[in-house]
Amino acid sequence: MLAGPPGRLTTTVTVENVSADRLVVRRPTLHLGGEAVTGAASAIIPGGRTVEVPVVVPLPATTPPGRHEAEMELGGVRRRVVVDVAPHPALELSPRRVLAVEGSQDVTLVVTNTGNVRMPLAALTMARADDGGPDPGPDVVLALEAPAAVEPGQTVTLPARLEVPPGLDPARRHTASVPVGIADLDVVILPRDRSESKS
């Protein structure tokens, strides 16, 4: 059995060299769903010896989690194997950081699901403003136009609105990491002149 996240399936294969000559084992090939994927393994086995060979095979990041029947070829021998792909949630967010001011502003987020599981995104998320002091500030709020879900391998563009609460100390820089699925949108509210503060 090979098991792990899709980018790094691992197993250990017992290889017996029944000949008198040394046997070089490398580059295992996994045959799964009509595709052949080359992995990594390296061993030099003297004649008559048996060696445990670590094997690593990368599959596409969007390979669905669960058990899959496959075949693996190593050292000239092809055998049936079971591939157990673990769930691997992963998101890429652009932009990762925005500058914000007190009040409301529109933002456009580009979200790519680089994992292998469906990723739901809440329509409303928030995070506490932080100025580096001991006490957290009020919430910075991110509101998507509608709830969304991003399928593995999919990229979506999401209009959203960012709400920065009034009353933050204008002499301090405030930050907040607002969740977008398992990613974070880093919001930075810069110090400003008091004349720029809203009354």
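The values are calculated or read from the model by the stated rules, or taken from the named source; none is laboratory data. Since this is a predicted model, take the numbers as computed values, not measurements. Ligands, DNA and RNA are stripped out before the accessible areas are found, and what is left, the full protein with its side chains, is counted by its heavy atoms. Shrake-Rupley method; radii C 1.70, N 1.55, O 1.52, S 1.80 Å.
The apolar share of the surface of the chain, taken as the fraction of accessible area on carbon and sulfur atoms (1.4 Å probe, ligands and nucleic acids excluded), comes to 50 percent. The share of C-alpha pairs in segment 40-199 whose separation exceeds 19 Å stands at 65 percent. Ligands, DNA and RNA are left out, and with a 1.4 angstrom probe the accessible area of segment 1-137 is 57 Å² per residue.
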